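To start, the structure itself, in structure tokens.
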Amino acid sequence: MKKYVIVLIGLLWYMAASLKGDTTVRFHVPAGWPAPVYDFTKNPPSAAKILLGRALFYDPVLSADSTISCTSCHLQYTAFTHVDHTLSHGIKGSIGTRNAPATMNLAWSKLFMWDGAVNHLDVQPLAPIAHPAEMGSSLDSVIFRLQRSTTYKKLFISAFGDSIVTGERLLKSISQFMLTLVSANSKYDQVKNKVPGVAFSLVEEKGYSLFREHCASCHTEPLFTTNSFANNGLAVDTTLNDYGRIRITHAAKDSLLFKIPTLRNVEYSYPYMHDGRFKRLQDVINHYTSGIVQHKTLSPELMRPIVLSADDKVDLLAFLLTLTDKKFLFNPDYSFPKEIFLNPAKE
Amino acid sequence: MVRVIFCLGFVSFWVSTIAQPKNNLLLQFVPVYAREVVRLDSGIFICPDSSGIQIETFRFYISRVSVYKNEKLLWTEPMSFHLLDAAIPASLKLSLVMPAGTSFDQISFNLGVDSFTNVSGALGGDLDPSRGMYWTWQSGYINWKLEGTAAAAPTRNHEFHFHIGGYSAPFATLTPVILKVDNQQNVNVFVDLHRFLNGIDLKTENNIMIPGHNAVRLAKKAGTIFYTNP
């Protein structure tokens, strides 16, 4: 008797799920990677929610005057950052105070922004949506606009079963799309995974051992970041006077600490540093060998100068280029959702 | 067979919702300024004294509503998060359903949202970040939002803004409030903004909108202005 009831309930649940036409998606953790920080049980991925999040990511409807979308500063082909722009851009030609970070492997990140101001991926979009020099809008005005859109009505129905737009739904859907941005298929990964026919060249191999000796304590494999904060010896730019993490913690020990960025796809994510001060990877390497500014919060690893010969620098650079993941940069699943925006439902 | 399932279903529904006797407590929050009720649903509130203060916005979170008898915890509301807004009278009225026979002499709640909830991503209902009580430049709930104008404030348009929040040490602002009660069905909880604003020199302190020492101090102050007996 009890068994029948359970079967019946199961059947009804299955029918309800299939009626919605949504399919759950399993998050894939690359081999040898740590467990994700993001709690997927609180936001179980589904195809329809990922698509909704992707639409929102590419839609300037998030900004006050419909000119700026997430992708304005986070372009796929450049590792979801804004190449050639040292500082992020916003509505009405405004310019922010920090360099848009490359965006990938977010499921493993606990704190976001250069200063760790944001404590969860779900609430990350609130910052650019509301910042007057970015999208200059607010979550409730975005909700208001989405509620009047037939395109989003459809997307919300397929993702949630009804067309009600809430902040929670909107933010969790953007998270779901951003969580799919996993870069784990670079030459480095292929070498690690022993893909037949793929091997480091001699130069790359030398660069890898230099990397492990000089860089890996902060840019730790396999994510190429510890996701923590460090003072990497940059002189303060007096036009910005940005002291990093101390703004959030108010603790002197956090003065001039910034989030350690991943080095994955670093070939494409120029310019570098929180203020985009270095245009080329060579400049970055030269900073670590001869540009370190002493400070009481300087990362202990950088207290003694890193010594690299000209050849070493070439080798190290060659290794860094093996972190480029073309499959990631050109994955059509991450790109502008043409099917939604080029044939939109009648507004 | 089908009839049996149907009957069983009905009986279990009846048992769980209707038959079981419950205690209902109506907790009515009443924002006041001294003896005057502060209502914002039809506009601003002009303080009836010589302070020159006008209140425009007053919203706050309470969480973890619990009842006690002789200092012993008897019941805590599940999923207990409430956003109270002086502009929305319905939000000030909490209907609490607890097991029958719960006899209590004290209620407690936290002013604000706990630290775990603050790091739990996007949440819904009263905790939805679109409710205007979530910071954007840095993560975290605004536990207490009081805005208005004061003649004493030398700011633009004499505005003052108190957005009190912050969840992590040493700037955590979650503040416990414990109140004696003698009625088991209807409890009025008064929130006296006169006591809050009177303890602040609005000439020098008029904009607190980030977590920090000042927010911690004002959160403690806010925790002392609740009372059940006028």
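The values are calculated or read from the model by the stated rules, or taken from the named source; none is laboratory data. Bear in mind the structure is a predicted one, so any value in this text is a computation, not a measurement. Cβ sites come from the backbone with ideal geometry, for glycine too, and all protein chains shown count toward neighbours.
Those helices (runs of 4 or more DSSP H) of the stretch A:194-311 in which 1 or more residues are within 14 Å of another protein chain (Cβ to nearest Cβ) and closer than 30 Å to residue B:167 by Cα occupy A:246-249. If I filter the stretch A:92-145 down to residues being of a type in the set (Asp, Glu) and facing chain B (nearest Cβ under 9 Å), which single residue comes out as farthest from residue B:168 (Cα to Cα)? Filtering first and then ranking leaves A:140.
Residue B:173 meets each of the listed conditions (1) under 22 Å from residue B:198 (Cβ atoms); (2) within 20 Å of the chain's Cα centre (by Cα); (3) not in a loop (DSSP other than H, G, I, E, B) apart from (3).
Checking each residue in the stretch B:195-209 for being crowded, with 19+ Cβ neighbours inside 10 Å and not in a loop (DSSP other than H, G, I, E, B) picks out B:196, B:197, B:208. Do the conditions hold for residue B:95, that is, is it in contact (Cβ under 8 Å) with a residue 60 or more places away in the chain and within 14 Å of the chain's Cα centre (by Cα)? Yes: the conditions hold for residue B:95.
In a residue-by-residue description of the stretch A:165-173, the property of being within 11 Å of another protein chain (Cβ to nearest Cβ), part of a helix (DSSP H, G or I) and among the basic types (Lys, Arg) applies to at least one position.
Scanning for something within 23 Å of residue A:275 (Cβ to Cβ) and either at pLDDT below 95 or touching a Pro at 6+ places or on another chain (Cβ under 9 Å) (or both), does the stretch A:146-156 turn up at least one residue? No, the stretch A:146-156 contains no residue that is within 23 Å of residue A:275 (Cβ to Cβ) and either at pLDDT below 95 or touching a Pro at 6+ places or on another chain (Cβ under 9 Å) (or both). Among the residues making up the stretch B:201-224, a single one is more than 14 Å from chain A (Cβ to nearest Cβ), free of Cβ contacts under 8 Å to residues at least 60 places away in the same chain and in contact with a Gly (Cβ under 8 Å, 6 or more places away or on another chain): B:221.
Scanning the stretch B:94-152 for residues that are within 14 Å of chain A (Cβ to nearest Cβ), surrounded by fewer than 18 Cβ atoms within 10 Å (Cβ to Cβ) and on the phi > 0 side of the Ramachandran plot gives B:125, B:132. Report whether or not residue A:165 is surrounded by fewer than 24 Cβ atoms within 10 Å (Cβ to Cβ), at pLDDT 95 or above, assigned by TED's automatic domain parsing to the domain that holds residue A:319 and farther than 23 Å from residue A:88 by Cβ. No. For beta carbons closer than 8 Å, sequence separation of 6+ or different chains, a first residue in the stretch A:64-89 that is of a type in the set (Asp, Glu) and a second that is modelled with pLDDT under 85, the qualifying pairs are A:65/A:91; A:65/A:92. Taken over the stretch B:153-170, the residue count meeting the criterion of being within 14 Å of chain A (Cβ to nearest Cβ) and of a type outside the set (A, V, I, L, M) is 6.
One line per residue, one yes/no per condition, for (1) over 23 Å from residue A:169 (Cα atoms); (2) acidic (Asp, Glu):
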position	(1), (2)
A:26	no, no
A:38	no, no
A:43	no, no
A:47	no, no
A:66	no, no
A:70	no, no
A:75	yes, no
A:84	yes, yes
A:97	yes, no
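Based on what the data block shows, is residue A:257 at pLDDT 95 or above and surrounded by fewer than 20 Cβ atoms within 10 Å (Cβ to Cβ)? No, not satisfied. Going by what's in this entry, would residue A:104 be described as more than 14 Å from the chain's Cα centre (by Cα) and assigned to a loop (DSSP other than H, G, I, E, B)? Here the answer is no, as residue A:104 does not meet what is asked. Checked against the criterion of being farther than 24 Å from residue A:127 by Cα, in contact with a Phe, Trp or Tyr (Cβ under 8 Å, 6 or more places away or on another chain) and among the aliphatic types (A, V, I, L, M), the candidates B:97, B:65, B:119 yield just one match: B:65. On the stretch given as the stretch A:25-42, residues that are away from chain B (no Cβ under 14 Å) and surrounded by fewer than 14 Cβ atoms within 10 Å (Cβ to Cβ) total 6.
Just one of the listed residues (A:84, A:59, A:65) is among the charged types (D, E, K, R) and either at pLDDT 95 or above or surrounded by 19 or more Cβ atoms within 10 Å (Cβ to Cβ) (or both), and it is A:59.
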